[in-house]
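Taking it in order: structure first as C-alpha cells, then the write-up.
The values are calculated or read from the model by the stated rules, or taken from the named source; none is laboratory data. In this text, all values refer to a predicted model and were calculated from it rather than measured experimentally. Here the Cβ positions follow ideal geometry from the backbone for every residue, glycine too, while neighbour counts run over all protein chains shown. Protein only, heavy atoms only, side chains kept; ligands, DNA and RNA dropped before computing areas. Shrake-Rupley method; radii C 1.70, N 1.55, O 1.52, S 1.80 Å.
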Amino acid sequence: MSKYNNPNGSLQNRFIKYAKIDTQSDPNSPTCPSTEKQKNLGKELVAELLEIGISDAEMDINGYVYGTIPGNTTKQVPVICFCSHMDTSPDSSGENVKPIIHDNYQGEDLILPDDPKVVLKMAEHPDLKHQLGNSIITASGITLLGADNKAGVAEIMEAAAFLMQNPEVKHGTIKIFFTPDEEIGRGVDKADLKKLGADFAYTIDGETLGSIEDETFSADGAKLIITGVSAHPGFAKGKMESAIKILSEILNALPKDTLTPETTQLKEGFIHPVAFKGQVEEAEAQFIIRDFDNAKLQSHGELLEETVKKVMANYPNSSYNLQIKAQYRNMKEVLDQNPKIVAYGVEAITRAGVAVKKQSIRGGTDGSRLSFMGLPCPNIFAGEHAFHSKQEWVSIQDMEKAVQTIINIATIWEEKA
C-alpha cells in the first residue's frame, strides 16, 4: 500500500494558507454562516477540490462544502465521510493570523514575537514533551492559530489529494464535508445529510496524537429570567425586590467546590453560568449544563431549579421563569450500536504507527449531533493543542500521522467489506 509522505511540505503549506483566512464565527449573528467571511475559506476549498479532480465539489448557500471521492473497488463498501469545521473560536482574534514554524523543537520556551509575554512552556503544555525534534506551528502571539479546526481541514484535503493521485489505494466512495459555525454550536444546523449521502462519518477535530473519542458530554442549555419589583430608590423600603440582587444570590447559592468547570475533570459534570444581564425590574442568566450521564444531567437541572425556588421564597412579590432545553447528547449511545466504526478507527491509528488513546471529550463536536441525526460519527485526532487561545499550537509530524490515519480508515473499510 502506498504511504503518505507529505510531498514538498504540501500539508503545512495548505494549513498555513487556511490559517491566514479569517473565519471567526459570531454567536450573536442569526445568519448561517454566522459570518460571511467563513465562505472565503469554503471557496478556496472548493477550488482545490476541483483542481485535484473531485468534480462535484461545491459550497451551498449556507457555507457547507461537499465533495465526493469516487470509489475504485468492485466491493460493496459503506460510504464514509470525513468532516471538519472551517470556523475558528470567537474567544480570541482570528484576524491577520501569522503562522510561525519552529523547526527541530528541543524543549525550549517558545516566545511568540508579536507579544513576548505569550510563551509556550513545556511545563504548561505537557504534550510538548512528545514533540522533541518535531516542527511546531504557532501564531505570532496576538491571535489564535486556528488549528482548531483548520488542522483537520488541511489533513482531510491532503488525504483527498493523496487518494485521487494514487488509484492503486483501494477504497469505497468517500464524502468530504466541511461545516461552518461549529464553535458556536450550530455546525450541523443546516447540514443536508441526504445530499451528503454517507453511511458513517469521522470528524477530524481531536487533540492529542493517537486519540479517538467515542464519547462526549450530554448537554442542556438553561435560561433563567427573574422578574423583580422596581421602585424609586429613595422610597424603596419594603417595596423594592431587585432582580439583579436576586439573580446574584441564586448564582452565589449554587455549588462552588463541585459542579463547576474549574473544580471538575474526567467524567464529572457541571452547571456553568455563561451570561448575565439585567436591571432592577428584570435580570437574566444563561447556563450550560453538562454531564456524560443523562440521569446526572437531569439531576443538575433539578438542582438549579431547587436553588432558584429556595432563594425566590424570600422574595414573595417577584417571580422567575426557568427554561432548560436539550442541546446535544452523548454520542456513545449511538456509537455503541455500531462498534465497527470505532474499531476501524482504532486499527487505522495503529497502522499509522501510533499508540491509540481512546478517550472522552469534555465538550461536544459536530459528530455529537450528526450521530443523533443518523450519521454515527466518532472523533479522530487532528493534533491541535491549546485551542481558543493565543498559545495554540500544532505539530507537523502529528498532522502527517492524522493524514495517514484518514487514508488507513478509507482502506480498512474497503478491505473488510
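Checking (i) 131; (ii) 174; (iii) 152 against volume of the Cα convex hull per residue in Å³ calculated from these atoms, the matching label is (iii). Rolling a 1.4 Å probe over the protein heavy atoms gives the chain an accessible area of 43 Å² per residue. For the chain, the longest principal axis of the Cα atoms and the long axis of helix 147-165 meet at an angle of about 20 degrees. I'd like the orientation of helix 243-253 relative to the chain: the angle between its Cα long axis and the longest Cα principal axis, in ° from 0 to 90, rounded to 10. Once rounded, the angle reads 60 degrees. The 3J(HN,Hα) values that the Karplus relation (6.51, -1.76, 1.60; θ = phi - 60°) gives for the range 64-70 are, in residue order, 8, 9, 10, x, 10, 9, x Hz. Gly and Pro appear as x. The amide H of SER211, built 1.01 Å from its N in the peptide plane, has LYS357, PHE381 as neighbours under 5 Å, considering only residues 5 or more places off or on other chains. Note that the range 22-29 has calculated 3J(HN,Hα) couplings of 6, 10, 4, 8, 9, x, 8, 8 Hz, one per residue in order, obtained from phi through the Karplus relation 6.51 cos²θ - 1.76 cosθ + 1.60 (θ = phi - 60°); glycine and proline are x.
Using only the alpha-carbon atoms, how far is helix 38-51 inclined from the longest principal axis of the chain? Give it as 0 to 90 degrees, nearest 10. It is inclined by approximately 10 degrees. When each of the peptides 210-222, 307-319, 47-59 is scored by the mean number of other C-beta atoms lying within 10 Å of its residues, the order from highest to lowest reads 210-222, 47-59, 307-319. Given +1 at the Cβ of Lys and Arg, -1 at the Cβ of Asp and Glu and no other charges, the dipole of the range 1-118 around its Cα centre is 460 debye to the nearest 20. For the pair ASP60 and VAL119, the difference between a 0.36 nm per residue extended length and the Cα-Cα distance amounts to 17.2 nm. Between the beta carbons of ASN96 and ASN13, assuming R0 = 22 Å, the FRET efficiency works out to 0.70 to the nearest 0.05.
Highest mobility in the GNM of the chain, judged by mean-square fluctuation with C-alpha springs under 10 Å and restricted to PRO99, PRO180, PRO30, is found for PRO30. Charge dipole of the range 251-341 (Cα centre as origin; +1 on each Lys and Arg Cβ, -1 on each Asp and Glu Cβ, all else neutral): 240 debye, rounded to the nearest 20. Estimated from helices alone, the mean residue ellipticity of the chain at 222 nm is -9000 deg cm²/dmol (sum of -39500 (n - 2.57) over DSSP H runs with n ≥ 4, per residue). Rounded to the nearest 20 debye, the dipole size of the chain about its Cα centre is 460 debye, using +1 on the Cβ of Lys and Arg and -1 on the Cβ of Asp and Glu. Here the accessible area of the chain is 49 percent carbon and sulfur, with a 1.4 angstrom probe and all protein chains present.
Dipole orientation for the range 94-219: of the candidates THR173, ILE137, PHE200, THR173 has the Cα lying most toward the positive pole (charges on Cβ; Lys, Arg +1; Asp, Glu -1).
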